[in-house]
Amino acid sequence: MADRLSARGALALVTDDFTELPFPERPGHPDGPLGWPGYDTARARAAERTGERESVVCGTGDVDGTRAVLVAFEFGFLGGSLGTRTGDRLEAAYAHARAHHLPVVPLVATGGSRMQEGMLALTQLQRVARASALTRQSGLPQIAVVRDPTTGGGWATLGAGADVVLALPGAQVGFAGSRVRPADADPAAYTAEAQVAAGAADALVRPEALRDTLGHWLRLLTRPSTAPAPPPPALGAAGLPATGWEAVRRARSPRRPRATAYLDAYFTSRVAIGGDRCGGTDPDGMLCGFGEHRGRTVAYAAQTGTATRPAGYRTAARLVRLADRLGIPVLTLVDTPGAANDAEAERQGAGAAIADLFGAVASARTPVTTLVVGEGGSGGALALAAPGNTWATPDSYFSVIAPELAAAILKRPPEQARTTAGQLRIRPQDLVELGVVRGVVGTGADGRAKSAGCPSPGEHQP
């Protein structure tokens, strides 16, 4: 179990200049709205023990150079539970964030809704959800830090509902608290580590690294830009392939640079989001996050050369929608032989996941730039490609289907796969002539297009 920080202790981890927001107090009722015997006494004891008047402390603070609204739960005050006065404070804090255009950082540690206020306490979750939704509509990021413990409605709104979820190692995190879950439930499933593995949280962050990590996230997510991201220069072979089959062989070569090499060369720093928020991750097939490129923020979703799984497509769709809402341009790297097509992928909703990504890219208002860096295998690759702003490297190809599979469908012998590759016109220069891609990027710092008549990447306008 992680050390249980107080609200002030959690705030001290991320800022040195916290200023608490003032909140008007609503008229009270003896022992609360339900007249719960001993409620006033319990509140008084909690206030004396913690020095707080409620279970949440709200204010503003500078987090490594970025001003934010900070919402810190005090678990020592009735288990950090949400009551009507908690809802008042949370609603006012989100309103302050919108009025002053500030990101919101909930530092969550709560056991859920306050029993002594009954359904009135539970309905505070609706207030919190609406305040969060309004803030989301204003284009402001929300980055949650889940502490020990984070359970119940607090996890299901302020925690899991944030754009990015960072978790302290060892924290108890889950919808069901320890006293209400099944007796035979595996406690390991209700941990920060388990939530990261299941794609419900993005990363584990140790307390001593929290300020730097949170500050990095806040800087990246609060820098909108209207200009499209330029495609990276090619890192592999410079010459164009002579035949379709040569294009296939070069794209499949184990020596060809992969997504990580492109991301490392393109960004001076980057942070990753992990998981589709539906119980799945695809760390071996899709890399998603935000990075700094020439002083501005660019979001990225990059295939790694393997068959992309449904969770990978859903994570990419989540990334594109978040970047779109925050006004951050997106770079996608296409490199997959195709979508995973095993039975488990079908059970995980491969078709729906690919459709969701197609929709996210098609409806994005922020500019999306795509570079095909390897294999472009059918619809599983096309879902990540930007219509009208896709580029290719010299060692890539894009095909309606793999040449071997095309030959099989056409009832040709396997040895005709090479001929079929040429007929499909899948070389980078073929794709330019067909109007499928804008150009072939070159090697070097400028990355200028190699095909005749193609504008350079820097000349593109959305």
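Show the residue pairs that are 6+ apart or on different chains and have beta-carbon atoms under 6 Å apart, the first residue being within the range 202-220 and closer than 16 Å to V104 by Cβ, the second being assigned to a strand (DSSP E or B) and aromatic (F, W, Y).
Short answer, once both residue conditions are applied: L220/F290.
Which residues, taken from the range 185-199, are modelled with pLDDT under 95 and either in the same structural domain as G274 (by TED's automatic domain parsing) or charged (D, E, K, R) (or both)?
D186
In this structure, is P329 assigned by TED's automatic domain parsing to the domain that holds Y266, in contact (Cβ under 8 Å) with a residue 24 or more places away in the chain and more than 17 Å from H293 (Cβ to Cβ)? Don't jump to the end; show me each part of the working.
Details: assigned by TED's automatic domain parsing to the domain that holds Y266: yes; in contact (Cβ under 8 Å) with a residue 24 or more places away in the chain: yes; more than 17 Å from H293 (Cβ to Cβ): no.
No, not satisfied.
List the pairs whose first member sits in the range 81-99 and is of a type in the set (D, E), whose second member is modelled with pLDDT of 95 or more and assigned to a helix (DSSP H, G or I), and whose Cβ atoms are under 6 Å apart, counting only residues at least 6 apart or on separate chains?
Within 6 Å, the pairs are E91/R127; E91/A131.
A92 fails exactly one of the following numbered conditions: (1) assigned to a helix (DSSP H, G or I); (2) in contact with a Phe, Trp or Tyr (Cβ under 8 Å, 6 or more places away or on another chain); (3) more than 30 Å from G327 (Cα to Cα). What is the number of that condition?
(3)
Select from the range 1-33 the residues that are under 24 Å from P149 (Cβ atoms) and small (G, A, S) and write down the one among them that is farthest from the chain's Cα centre (by Cα).
Among those that are under 24 Å from P149 (Cβ atoms) and small (G, A, S), it is G32.
Being surrounded by fewer than 17 Cβ atoms within 10 Å (Cβ to Cβ), of a type in the set (A, V, I, L, M, F, W, C) and outside any helix (DSSP H, G or I) is the filter here, so list the residues in the range 256-271 that pass it. Walk me through it before giving the result.
Residues of the range 256-271 that are surrounded by fewer than 17 Cβ atoms within 10 Å (Cβ to Cβ), as a first pass: 260-261, 264-265, 268-269.
From what's left, of a type in the set (A, V, I, L, M, F, W, C): 261, 265.
Result: no residue meets the conditions.
Looking only at residues in the range 159-190 that are surrounded by 16 or more Cβ atoms within 10 Å (Cβ to Cβ) and of a type in the set (V, I, T), which one is farthest from C278 (Cα to Cα)?
V173
Just to verify a result, which residue in the range 109-165, among those that are within 21 Å of the chain's Cα centre (by Cα), of a type in the set (S, T, N, Q) and part of a helix (DSSP H, G or I), is nearest to A97 (Cα to Cα)?
Among those residues, the one meeting the criterion is T135.
Here's the yes/no breakdown for (1) surrounded by fewer than 23 Cβ atoms within 10 Å (Cβ to Cβ); (2) of a type outside the set (D, E); (3) without any contact (Cβ under 8 Å) to a residue 24 or more places away in the chain:
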| residue | (1), (2), (3) |
| --- | --- |
| R309 | no, yes, no |
| A339 | no, yes, no |
| R347 | yes, yes, yes |
| G359 | yes, yes, no |
| A362 | yes, yes, no |
| G388 | yes, yes, no |
| A402 | yes, yes, no |
| A407 | yes, yes, yes |
| P413 | yes, yes, yes |
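Has the range 163-172 got at least one residue that is without any contact (Cβ under 8 Å) to a residue 40 or more places away in the chain and of a type outside the set (D, E, K, R)?
Step one: filter the range 163-172 for residues without any contact (Cβ under 8 Å) to a residue 40 or more places away in the chain, giving 165, 167.
Remaining after also requiring of a type outside the set (D, E, K, R): 165, 167.
Taking every residue of the range 163-172 in turn, at least one turns out to be without any contact (Cβ under 8 Å) to a residue 40 or more places away in the chain and of a type outside the set (D, E, K, R).
What is the one condition in (1) within 30 Å of G174 (Cα to Cα); (2) over 19 Å from the mean Cα position of the chain (by Cα); (3) in contact (Cβ under 8 Å) with a residue 24 or more places away in the chain that A343 does not satisfy?
Just one mismatch for A343, condition (3).
Among the numbered conditions (1) more than 29 Å from the chain's Cα centre (by Cα); (2) assigned to a loop (DSSP other than H, G, I, E, B); (3) surrounded by fewer than 19 Cβ atoms within 10 Å (Cβ to Cβ), tell me where P241 comes up short.
Failed condition: (3).
Just name the residue that is surrounded by the fewest Cβ atoms within 10 Å (Cβ to Cβ) out of those in the range 1-44 that are in a helix (DSSP H, G or I) and of a type in the set (V, I, T).
So the first thing to find is which residues in the range 1-44 are in a helix (DSSP H, G or I), and the list is 7-14, 39-44.
Of the ones still in play, those that are also of a type in the set (V, I, T) are 14, 41.
Numbers: V14: 25, T41: 10.
My answer is T41.
Being within 30 Å of P403 (Cβ to Cβ), assigned to a loop (DSSP other than H, G, I, E, B) and β-branched (V, I, T), is that true of even one residue in the range 316-329?
no
If we keep just the residues of the range 17-33 that are in contact with a Gly (Cβ under 9 Å, 6 or more places away or on another chain) and modelled with pLDDT under 95, which is farthest from S113 (Cα to Cα)?
Per the criteria, the residue is D17.
What pairs come out if I take residues in the range 16-43 that are under 30 Å from R211 (Cβ atoms) and pair them with residues that are among the polar types (S, T, N, Q) and surrounded by 10 or more Cβ atoms within 10 Å (Cβ to Cβ) whose C-beta lies under 9 Å away, six or more apart or interchain?
As it stands, the answer is D17/T60; F18/T60; T19/T60; E20/T60; L21/T60, since those pairs meet every condition given.
Among the numbered criteria (1) assigned to a loop (DSSP other than H, G, I, E, B); (2) over 16 Å from A251 (Cα atoms); (3) touching a Pro at 6+ places or on another chain (Cβ under 8 Å), which single criterion is violated by P387?
Looking at each condition in turn, P387 falls short on (3).
The values are calculated or read from the model by the stated rules, or taken from the named source; none is laboratory data. Remember, predicted model here, so these are calculated numbers, not experimental data. All Cβ positions, glycine included, derive from the backbone under ideal geometry; neighbour counts span all protein chains shown.
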